[in-house]
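Engineer: The structure that follows is given in the form of structure tokens.
The values are calculated or read from the model by the stated rules, or taken from the named source; none is laboratory data. Being a predicted model, the structure only gives us computed values, none of them experimental. Neighbour counts run over all protein chains shown; Cβ positions are idealised from the backbone, glycine included.
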Amino acid sequence: MIAAYIFLYFSFTGSAATDRKYWVETANYGVSMVDSLANTIADEVAANLNEVQNVYTDYGEKTAWRNSIPWSKLHLMRILSLDKGYNMLNRNGDDLLRYKMPRAELSSFRYVQGNKSIYLSNRKKDLHTKLFDAVYLGCKKTEEPDPIVFIQELNTCYNLIGERIEYHSEANFPEFSMVKYLPGKCAN
């Protein structure tokens, strides 16, 4: 009987340790990536004279975390809205006075009088139907990102500006970068 318990212990201990290490990495590096992205977006919005800014983010299928972090956009929105005082907008341009959060998220959005407004999207459909002031796309760290992203439906190009937010990790975890694009001229 004791031999069976010893067998089970050694069988599952390694797997449990690996999973724990993975989730610790996901939490540490995932939140760090989102925080860096929020700071970059905040700088972009603050530097722009437009009252409303449209920002698109996409981690990309190739660069996604092994298990997706479904709260990444919500966390980004929370940081921008609550910590930096931006007014979050929905697709119709209306202020998000209250936003339904996951059960574990205790905060909600509030409207701050007189501050800039931002519409933040990670919907691929939006990229093909709406013009954005800044676009952040994920790419593998070992790959060079496309210098120009052409959106045929809008006849619009977004040009790579060289700004990268690096996602570092250990060998068993995919590393990637978030690269920034701004609207610009299409190459001839």
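Engineer: Condition test on MET88, is it part of a helix (DSSP H, G or I), surrounded by 17 or more Cβ atoms within 10 Å (Cβ to Cβ) and modelled with pLDDT of 80 or more?
Structural biologist: So MET88 does not fit the description; no.
Engineer: A further question follows. All but one of (1) touching a Leu at 6+ places or on another chain (Cβ under 6 Å); (2) without any contact (Cβ under 8 Å) to a residue 60 or more places away in the chain; (3) of a type in the set (Phe, Trp, Tyr) hold for TYR158; which doesn't?
Structural biologist: (1)
Engineer: Right, another one. Taking into account only those residues within segment 93-137 that are outside any strand (DSSP E or B) and β-branched (Val, Ile, Thr), which is modelled with the highest pLDDT?
Structural biologist: The residue in question is THR129.
Engineer: Filter segment 167-188 down to residues that are of a type in the set (D, E, K, R) and surrounded by 13 or more Cβ atoms within 10 Å (Cβ to Cβ) and give me whichever is modelled with the highest pLDDT.
Structural biologist: Among residues in segment 167-188 that are of a type in the set (D, E, K, R) and surrounded by 13 or more Cβ atoms within 10 Å (Cβ to Cβ), the one modelled with the highest pLDDT is LYS180.
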